[in-house]
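Following: one structure in structure tokens, then a few remarks.
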Amino acid sequence: MANWTLDQLKQELSKRPTVKGWVLSREHVQRRERYFLADRQTLAIDQDRNVRAHALSARIFVKLSREGRQGEITQKFFPSLPLGPQLDAAVEGAAQTDHLAWDLPVSPPSNLPTRKTADPRIAEDVERAVRQASEKIGLLVAVKRATQFSSAELFISLHDRELHLSNGLIHRSSQSRVYSEAAFSMSRKNARGQIESDEYLNTTWAVGLDDLKLDALFNEASDRAEHSLDIKKPQSGRYPVVVEADVLAMLFNTHLSHLTALNAYHRLPFTKPGDEFIPGAEGDLITLSLDPTLDFAADTLAVSEQGLEQKPLLLVDKNRVVATSADLQYGSYQKTSPTTSRGNVVVAPGTLSYGELLRSEPLVLEVLQFSALFPDAASGTFSSEIRLARLHDQVTGTVTYIKGGSLSGSIAENFKSARFSKETAKKAHFDSGNSGPGQGYFGPAYALLSDVSVVG
């Protein structure tokens, strides 16, 4: 059985005359997964898993006979299989591609800073972190409520990473990740004596345990489940709409592509320095930056996978674009200096409170949860079915719960008169496979968007 080492892979790459460079990424994941169910009004562990995973991928650059061109490929390598055939296939595959040539830094950066990316409590003892979080979940489930607890999940993982570049850079880091969800249901008899019920599922991601906010997760899920039967369908029209930080995080992270050299090079929607971020904005003017230094945030890191130190970068200042995010590859393509290309999206807060946003118009629709929000990176549009919302009527002083119907809009139009809350929130999100870089956000906890289309 093959069992080669990372050093052997590097040595073999160095021997290949056609190979001009490489980026090797290795990750070891230790993940604990717990699934909880209700057992006679008490919390029971339905499944308890301990998962360990290893992954090694290589981005390999090869020389081509055509001047100014190179081949490249990204491929997974498996230490349990012979190295030679895997490397042969990768180099041959890279040679079949044709890309504009670019180079990694001649020498690696020195004295890279240490970022706070792994919660020390998780790094020291994943099992203890799981046990303590489970105890907290047990206390929250035991709270007497009008709703019934349905289920919960808790995932806590530690991702140990190594980055090896052909220029000699070796960088090691760790990141903790925490995911939890809680589901509560509400049941009652209707006027015909029939049982009707509905369930509300609440989810959250975090990097550190202090940002997990289990109390808010469970209490909010129960409260919203309690009102899930007292609902009406929305009337079609255009509304001022309040959205929460999770929605803002997704929209801003998606729209960030408009500020990148990648989009400029590929002739995708691109907003250059000097232009307005939101054309004709007249509400709270957006100030937005990329910050890879935030403690325990989803996209905090010291160095990019291309070997460049990552520092805070101001991209938008009061709605005026002031910089372009360019990694080494696309900075080279565009013949501009590379900048920070990774980091958490940071948006400056507004001046109004959450309550003031809700009272700022006679009728305000507050979306509590979308079924699934679909933002389009190219057009800046977004749409979704409304899973649950509240309609705040300042004229009658009533609050009506809303479910169903669809909402659609665009960043260019609906953010023109946007107002942001002075309350802030820190959000993290990772893909469902729990691998790859995350999306981080720190900014307003709420925003009031204008003239949003709702179809009942």
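The values are calculated or read from the model by the stated rules, or taken from the named source; none is laboratory data. Only a predicted model underlies this, so the values are computations on that prediction, with no experimental measurement involved. Note that we place each Cβ from the backbone using ideal geometry, even for glycine, and neighbour counts take in every protein chain shown.
Only residues that are surrounded by fewer than 18 Cβ atoms within 10 Å (Cβ to Cβ) and among the charged types (D, E, K, R): list them for the range 28-54, please. Passing the criteria: 33, 39, 40, 46, 48, 49, 52.
The residue list 115, 121 contains one member that is at pLDDT 95 or above and either surrounded by fewer than 13 Cβ atoms within 10 Å (Cβ to Cβ) or in a loop (DSSP other than H, G, I, E, B) (or both), which is 115.
With the requirement that a residue be assigned to a loop (DSSP other than H, G, I, E, B), of a type outside the set (A, V, I, L, M, F, W, C) and at negative phi, what does the range 244-277 give you? Please lay out each step first, then the result.
Looking only at the range 244-277, we keep the residues that are assigned to a loop (DSSP other than H, G, I, E, B), and these are 266-275, 277.
When the remaining residues are screened for being of a type outside the set (A, V, I, L, M, F, W, C), the result is 266-267, 269, 271-275.
Listed by number, the residues that qualify are 266, 269, 271, 272, 273, 275.
Summed over the range 41-67, residues that are modelled with pLDDT of 95 or more and at positive phi total 0. When 222, 236 are screened for being surrounded by fewer than 20 Cβ atoms within 10 Å (Cβ to Cβ), on the phi < 0 side of the Ramachandran plot and not aliphatic (A, V, I, L, M), only 236 passes. Residue 241 fulfils the conditions (1) in contact with a strand residue (DSSP E or B) (Cβ under 8 Å, 6 or more places away or on another chain); (2) surrounded by fewer than 17 Cβ atoms within 10 Å (Cβ to Cβ) except for a single criterion, (2). Considering the conditions (1) assigned to a loop (DSSP other than H, G, I, E, B); (2) closer than 18 Å to residue 138 by Cα, residue 3 is excluded by exactly one of them, (2). Considering the conditions (1) in contact with a strand residue (DSSP E or B) (Cβ under 9 Å, 6 or more places away or on another chain); (2) surrounded by fewer than 20 Cβ atoms within 10 Å (Cβ to Cβ), residue 192 is excluded by exactly one of them, (1). If only residues of the range 124-165 that are small (Gly, Ala, Ser) and crowded, with 16+ Cβ neighbours inside 10 Å are counted, the one that is nearest to residue 307 (Cα to Cα) is 157.
Taken over the range 314-345, the residue count meeting the criterion of being of a type in the set (A, V, I, L, M, F, W, C) and crowded, with 22+ Cβ neighbours inside 10 Å is 4.
Identify the single condition in (1) in contact with a helix residue (DSSP H, G or I) (Cβ under 8 Å, 6 or more places away or on another chain); (2) buried (at least 22 other Cβ atoms within 10 Å of the Cβ) that residue 420 does not satisfy, given that it satisfies every other one. All conditions are met except number (1).
Does residue 151 fit the bill of being without any contact (Cβ under 8 Å) to a residue 60 or more places away in the chain and not in a loop (DSSP other than H, G, I, E, B)? Break it down stepwise before answering.
Details: without any contact (Cβ under 8 Å) to a residue 60 or more places away in the chain: no; not in a loop (DSSP other than H, G, I, E, B): yes.
Criteria not met by residue 151.
Put simply, of 371, 410 the only residue that is hydroxyl-bearing (Ser, Thr, Tyr) and either surrounded by 15 or more Cβ atoms within 10 Å (Cβ to Cβ) or out of contact with any Lys or Arg (no Cβ under 9 Å at 6 or more places or on another chain) (or both) is 410. All but one of (1) farther than 29 Å from residue 117 by Cβ; (2) of a type outside the set (Val, Ile, Thr); (3) at pLDDT 95 or above hold for residue 443; which doesn't? The one condition residue 443 does not meet is (1). Note on the range 61-86: among residues that are aromatic (Phe, Trp, Tyr) and crowded, with 18+ Cβ neighbours inside 10 Å, the one that is nearest to residue 305 (Cα to Cα) is 61.
When restricted to residues that are part of a strand (DSSP E or B) and within 23 Å of residue 143 (Cβ to Cβ), the range 194-216 contains 9. Within the range 34-41, can one find any residue that is closer than 23 Å to residue 333 by Cβ, assigned to a loop (DSSP other than H, G, I, E, B) and not small (Gly, Ala, Ser)? Scanning the range 34-41 turns up no residue that is closer than 23 Å to residue 333 by Cβ, assigned to a loop (DSSP other than H, G, I, E, B) and not small (Gly, Ala, Ser). Just one of the listed residues (94, 89) is surrounded by fewer than 15 Cβ atoms within 10 Å (Cβ to Cβ), part of a helix (DSSP H, G or I) and touching a strand residue (DSSP E or B) at 6+ places or on another chain (Cβ under 8 Å), and it is 89.
With the requirement that a residue be surrounded by fewer than 21 Cβ atoms within 10 Å (Cβ to Cβ) and in contact (Cβ under 8 Å) with a residue 60 or more places away in the chain, what does the range 377-391 give you? 377, 378, 379, 391, listed by residue number.
Restricting attention to the range 384-393, does a residue exist that is assigned to a loop (DSSP other than H, G, I, E, B) and either of a type outside the set (S, T, N, Q) or not assigned by TED's automatic domain parsing to the domain that holds residue 313 (or both)?
Of all residues in the range 384-393, those assigned to a loop (DSSP other than H, G, I, E, B) come to none.
No - not one qualifying residue is present in the range 384-393.
From 156, 170, grab the single residue that is modelled with pLDDT of 95 or more, closer than 20 Å to residue 340 by Cα and β-branched (Val, Ile, Thr). Matching residue, one of 156, 170: 170.
Output yes when any residue across the range 9-24 is in a strand (DSSP E or B), among the β-branched types (Val, Ile, Thr) and modelled with pLDDT of 95 or more, and no when none is.
Just the residues of the range 9-24 that are in a strand (DSSP E or B), to begin with: 19-24.
Of the ones still in play, those that are also among the β-branched types (Val, Ile, Thr) are 19, 23.
Next, only the ones that are modelled with pLDDT of 95 or more stay: 19, 23.
Yes, because at least one residue in the range 9-24 is in a strand (DSSP E or B), among the β-branched types (Val, Ile, Thr) and modelled with pLDDT of 95 or more.
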